[in-house]
Amino acid sequence: MEDGVLKEGFLVKRGHIVHNWKVRWFTLQQNTLLYYKLEGGRKVIPPKGRILLDGCTITCPCLEYENRPLLIKLKTQTSTEYFLEACSREERDAWAFEITGAIHAGQPGKVQQLHILKNSFKLPPHISLHRIVDKMHDSSSGIRPSPNMEQGSTYKKTFIGSSLVDWLISNNFAASRLEAVTLASMLMEENFLRPAESPKRKISSKEEISLSTVELSGTVVKQGYLAKQGHKRKNWKVRRFVLRKDPAFLHYYDPSKEENRPVGGFSLRGSLVSALEDNGVPTGVKGNVQGNLFKVITKDDTHYYIQASSKAERSEWIEAIKKLT
């Protein structure tokens with residue numbers, strides 16, 4: 001990349017004072033990790049903040065938030081802690097690899113070790129996620145759900161993440177807690193497990209119909225952070241997009257929320273997808289947004305305007321969606 005940029009893209013960052021989660025655009029340089037606010041699909045200059053990497057320690061995967069299995073934790077020399085969430089296991093590991101390389105840039109031995117450890121834990125060929133789920137439901141040796149209290153709410157027939165980690169190790173599906181946490185995150189990514197819904201929030205029958213289990217049962221083909229223009233207010237917000245096949249659907253999630261439930265989505269059958277011109281603002285697009293835009297038109301003629309973070313990423317999404325239309 002140009003200007004000494006090692007890696008850049010969206011990550012979800014936990015706030016320092018109020019522990020809310022917000023999407024920021026991150027730019028990794030040799031000694032610094034910069035992060036920017038996003039307005040109208042563009043990063044706001046100057047940066048919102050910077051993390052000095054000299055003397056930093058990195059924890060990945062980070063186990064401190066059970067509903068956020070894709071976290072990286074950075075601790076600076078002054079003991080300031082940063083929690084950053086990626087959109088997929090692969091993206092988390094790529095960021096962790098590049099950040100660790102930047103931290104230890106002056107230590108060739110450390111960088112060499114990184115190349116050996118680059119690949120995250122991979123599922124052994126003799127173990128399948130389906131087999132693990134079947135074993136979890138076994139009446140004698142499976143994991144036993146129980147009522148759990150969280151922030152004053154009672155969740156019936158649930159289990160906490162640490163119980164699952166212990167169970168995976170005791171059943172020889174994982175050799176360490178690190179492997180077990182990674183395995184648990186795989187089960188969540190493939191929708192075998194879902195975080196408990198708050199009992200205070202009632203789900204309407206309309207939501208139940210629009211977010212049926214069939215719709216969310218397809219195999220995940222691609223996922224990532226993209227900016228999307230709203231239908232009513234026409235403002236731009238970053239969403240985590242998940243592309244599934246069999247059946248072919250594109251769903252999008254609010255990455256600032258803990259609920260692993262789409263805020264929208266649509267069937268790709270009969271849809272059209274195309275890149276938009278990079279010179280000027282295309283018709284239908286509002287705000288000071290330029291570059292890396294594409295449009296999806298659904299079978300019922302609903303238009304979705306989406307912005308990727310680079311031309312290469314836009315091409316990848318368009319090709320992946322085209323295969324399923």
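The largest accessible area among SER141, SER271 belongs to the first residue in SER141, SER271, and the rest follow in falling order (1.4 Å probe, all chains). Against the criterion of solvent-accessible heavy-atom surface with a 1.4 angstrom probe, HIS19, HIS251 sort, most first, into HIS19, HIS251.
Tell me which GluC sites (Glu not before Pro) from segment 226-325 have a DSSP coil assignment and no more than 15 other beta carbons within 10 Å of their own.
On the way: sites: GLU258, GLU259, GLU277, GLU313, GLU316, GLU319; in loops: GLU258, GLU259, GLU277.
Hits after loop and neighbour filter: GLU258, GLU259, GLU277.
Given a cut-off of 29 Å, name the pairs among LYS157/LYS222; LYS228/LYS323; LYS22/LYS311 whose C-alpha atoms lie farther apart than that in the structure shown. Cα-Cα > 29 Å for LYS157/LYS222; rest within.
P(r) tail for segment 209-307: Cα pairs beyond 24 Å make up 21% of the total. Qualifying trypsin sites (Lys or Arg not before Pro) in segment 247-325, where qualification requires a DSSP coil assignment and no more than 13 other C-beta atoms within 10 Å, comprise LYS257, ARG269, LYS299, LYS323. Taking amide H positions as modeled 1.01 Å from N, with prolines and chain starts lacking one, the residues under 5 Å from GLY265 and 5 or more places away or on another chain are TYR252. Taking all protein chains together, ILE17, ILE58 sort by accessible area into ILE17, ILE58, largest first [probe 1.4 Å].
The values are calculated or read from the model by the stated rules, or taken from the named source; none is laboratory data. This structure is a prediction, so every number in the text was calculated from the model and none was measured. So basically every Cβ, Gly included, is an ideal-geometry build from the backbone, and we count neighbours across all protein chains shown. Please note that ligands, DNA and RNA were not included when accessible areas were found on the heavy atoms of the full protein model with its side chains. Shrake-Rupley method; radii C 1.70, N 1.55, O 1.52, S 1.80 Å.
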